[in-house]
Amino acid sequence: MKSNIDFIHGKTDSALMKMVTPLFCAMVLMLAYGMVDSLWVGNLLGENGYAALTTAGAISVILYAIAVGTSNGMSIVVSNLVGSGDKKKADSAVSTALVLSSAFCLLLVAAMELLLPQMLNALGTHENIFEETCQYLLIFIPGYFFLFVYMQLTAFFRSYGDPAFQMLGMLLGTLLNAIIDPIFIKVDGIRGAAIATTLSEFICLILAGFYAARKKYFSFSVKYFDKAQAKQVAQKAVPSCIQQCMPAISSTVLVSIVNAFDVSVIASYGVIKNIENILFYPGMAMNMGLITIVGQCMGAGRSDRSRDYVKTACLYGGIIELVMTALVVLFAGQISNAFVQSRVVEEIVRRAFLIIGFGYVCYMLTNIFMAELSGSGKPTLSMILMFFYYIVIRVPLAIVLVRTTLGLDGMWIAMLVSHIAATILGFFILKKRRSILV
């Protein structure tokens, strides 16, 4: 059993880029995928429709975080087994993980459908957009199952050193969504946007199934389910899932703060989050790729190679993030107008990125530090770092500063401070762990 990319003996920078580049492209396509809804809803349904989609996004982003966190946790186990060359255990781990995660997702979907009105009330959803938000989520949430399983399959592909399908699947999904979204929106309003999204996710899942059957990286069977491995998978997946939920939970709290302002501010926050994704996805791609790389290196007993990859990732990732941040800061106003034609929204968006600025470079570095922790089998440490990042620092600071004379600027300052603080703490955690291992 061999990895599709040789991380152990291959050249560090080329192997890293072979892994991360398709994932970054997939993230860009995922950004485009999400923006399709935002652009069409904003232009066809106006400010209220866009504000409703923004509020719905506070819930959908948590669901997406759960999918990413669960898949990352499972890829830790599988990558380690691929690195060790144990095919039988790897097949068992894939089957166990897929059965376990699918059952969990079905229970989650059922619970959220039942509790949706209460969740929207807890968010303080504005009465002018409550009904539209609910209509969107009632369709989006059941369709989330297709996205969830798709994310698990692409995580398994990554574990075998194959990130290509994640890019190709998102390319098809984005193109399909871009074509059918305006048609469905014109026919059925915001519900149409949810239907279009669900349909494209379903098609992506079907294609992922065909890809798995053709590549034959692993064999899946319910008979391979192993209780002992289920415990091991859960030990990795649960902290990873909680870790990924931290930004989403933080964002949800911030949405509840924003909902106290008028509709223009709510729409502005939605635009800011969409533009932020442009800056977040390189870090997320680097994190996903490094978890697999570090997992394989540790499975093969080559911690020295793992450190080489982390150093290279910090250099390449830092440069990429710095350039992208500069471009976004320069053109924030123009990008904002693509979503909502509003002078008020444009000014809020422009000011937010001027304040946060350098924080996105810190975000990249923190994701790299967390990838080494997770890939080396310590997702709990990574989870603790993320908890500090978003819950201990960002949320309380935002709540306090928004109530001062800083007003809305207090939220952007809280974001900047949390980015910087997390990078500093992550560096010291990693340094301490390495000194213990030595």
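The values are calculated or read from the model by the stated rules, or taken from the named source; none is laboratory data. All values derive from a computational prediction rather than experimental measurement. Here the Cβ is made from the backbone with ideal geometry for all residues, glycine too, and neighbour counts use every protein chain on show. Calculation scope for accessible area: heavy atoms of the full protein, side chains included, ligands and nucleic acids excluded. Shrake-Rupley method; radii C 1.70, N 1.55, O 1.52, S 1.80 Å.
Label reach from residue 86 (point 7 Å along Cα→C-beta): in region 353-391, amide nitrogens under 16 Å belong to 377. Within straight-line reach of residue 87, meaning a Cα separation under 17 Å, sit the following lysines at least 8 residues removed in sequence or on another chain: 2, 215, 216, 223.
Before I look further, what does the chain give for accessible area per residue, probe 1.4 Å, in whole square angstrom?
Working: 17040 Å² over 438 residues.
Heavy-atom SASA per residue in the chain reads 39 Å².
Note the full-extension length gain between residue 391 and residue 183 as 0.36 nm times their separation in residues minus their Cα-Cα distance, in nm to one decimal.
Difference between extended and current length: 70.9 nm.
Listed highest first by mean packing, meaning other Cβ atoms within 10 Å per residue, what order do 168-176, 88-96 come in?
Working: 168-176: 19.8, 88-96: 21.7.
So the peptides 168-176, 88-96, ranked by packing, come out 88-96, 168-176.
Charges were assigned to the Cβ only: +1 to each Lys and Arg, -1 to each Asp and Glu. The resulting dipole of the chain about its Cα centre is roughly 1860 debye.
In units of 2.2 N^0.38 Å, what is the alpha-carbon radius of gyration of region 341-438?
Details: Rg = 16.0 Å, N = 98, 2.2 N^0.38 = 12.6 Å.
For region 341-438, the normalised Cα radius of gyration is 1.28.
Distance between the 7 Å Cα→Cβ label points at residue 172 and residue 220: 1.4 nm.
Shape summary of region 1-150, radius of gyration then Dmax from alpha carbon positions: 19.5, 59 Å. Evaluated at q = 0.10, 0.16, 0.18 Å⁻¹, the base-10 log of the normalised Debye intensity for region 173-284, with identical point scatterers placed on the Cα atoms, takes the values -0.56, -1.16, -1.23.
With +1 on each Lys and Arg Cβ and -1 on each Asp and Glu Cβ, how big is the dipole of region 131-290 about its Cα centre, in debye rounded to the nearest 20? Walk me through the numbers on the way to the answer.
Working: 11 positive and 9 negative charges, 177 e Å.
Result for region 131-290 is approximately 860 debye, rounded to the nearest 20.
Give me the percent of accessible area attributable to carbon and sulfur for region 179-265, probe 1.4 angstrom. It would help to have the intermediate numbers written out before the result.
On the way: 2820 of 4240 Å².
Carbon with sulfur: 67 percent of the solvent-accessible area.
What's the FRET efficiency of residue 331 with residue 433 using the Cβ-Cβ distance as r and R₀ = 30 Å, to the nearest 0.05? Rounded to the nearest 0.05, the efficiency is 0.15. Note on residue 232 and residue 111: the extension gain reaches 41.0 nm, defined as 0.36 nm multiplied by sequence separation minus the Cα-Cα distance.
Would you please put 317-330, 337-350, 264-277, 385-398 in order of how densely packed they are, using the mean number of other Cβ atoms within 10 angstrom per residue and starting with the highest? Before the final figure, lay out the partial values.
Details: 317-330: 15.9, 337-350: 18.2, 264-277: 23.1, 385-398: 20.1.
Per-residue Cβ counts within 10 Å, averaged per peptide and sorted highest first, yield 264-277, 385-398, 337-350, 317-330.
Which value results when the Cα radius of gyration for the chain is divided by 2.2 N^0.38 Å? It would help to have the intermediate numbers written out before the result.
Working: Rg = 20.9 Å, N = 438, 2.2 N^0.38 = 22.2 Å.
Ratio of Cα Rg to 2.2 N^0.38 Å: 0.94.
When the Cα positions of 142, 389, 200 are compared along the charge dipole of the chain, 389 comes out farthest toward the positive end, with charges on each C-beta of Lys, Arg, Asp and Glu.
Between the residues 22, 340, 407, the greatest Cα displacement towards the positive end of the dipole of the chain, with unit charges on the Cβ of Lys, Arg, Asp and Glu, is found for 22.
In debye, nearest 20: dipole of region 272-322 around its Cα centre with unit charges on the Cβ of K, R (+) and D, E (-)? Let's see the in-between values first.
Numbers: 5 positive and 4 negative charges, 28 e Å.
It works out to roughly 140 debye.
Spatially, region 39-79 and region 363-413 are offset by 19 Å when compared through their Cα centroids.
Working from the pairwise distances between different alpha carbons, so that the mean of 1/r is found and then inverted, what is region 293-407's Kirkwood radius in Å?
Working: mean 1/r = 0.0598 Å⁻¹.
One over the average 1/r among Cα pairs gives 16.7 Å for region 293-407.
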